[in-house]
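Asker: Okay, handing you the structure first.
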Amino acid sequence: MTFFVSARATAGTDAAIAAARCDPRRWIAAVANPNQRHPKAHVAELTDLVDLSGRPQRTPLMFRREPLHPDAQRSLFESENFRC
């Protein structure tokens, strides 16, 4: 992807994220630039876990996480060691 649109957290997206966190097969290494993968950041597709009926057809829902850096704010999951 060359762009992104953020989405609001809802009960449905929270449930999808929780399901993905328990399924290591969903995660792939994130891309740092077109030719290099980010070794510690990951992306998971959550499209099949969320009702996206109000969105345009074929809208994917992707979730990215990366390790926290010093002084980073944990915004979604207090128990995680990732920024999401």
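Asker: N81 versus (1) farther than 15 Å from A9 by Cβ; (2) surrounded by 15 or more Cβ atoms within 10 Å (Cβ to Cβ); (3) modelled with pLDDT under 75: which is the lone unmet condition?
Answerer: If we test N81 against (1) farther than 15 Å from A9 by Cβ; (2) surrounded by 15 or more Cβ atoms within 10 Å (Cβ to Cβ); (3) modelled with pLDDT under 75, just (2) comes out false.
Asker: Here's a check for you: in segment 35-59, which residue that is over 17 Å from R25 (Cβ atoms), under 15 Å from the mean Cα position of the chain (by Cα) and not in a strand (DSSP E or B) is modelled with the highest pLDDT?
Answerer: Once the filter is applied, the top-ranked residue is V50.
Asker: Kindly provide the set of residues from segment 13-31 that are surrounded by 13 or more Cβ atoms within 10 Å (Cβ to Cβ) and in contact with a strand residue (DSSP E or B) (Cβ under 7 Å, 6 or more places away or on another chain), ordered by number.
Answerer: I17, A20, R26, W27, A29, A30, V31
Asker: Can you find, within segment 60-69, the residue that is modelled with the lowest pLDDT among those that are surrounded by 10 or more Cβ atoms within 10 Å (Cβ to Cβ) and either farther than 17 Å from S6 by Cα or aromatic (F, W, Y) (or both)?
Answerer: L68
The values are calculated or read from the model by the stated rules, or taken from the named source; none is laboratory data. Quantities reported herein were computed from a predicted structural model and do not represent experimental measurements. In this analysis, Cβ positions are derived from the backbone assuming ideal geometry, glycine residues included, and neighbour counts consider all displayed protein chains.
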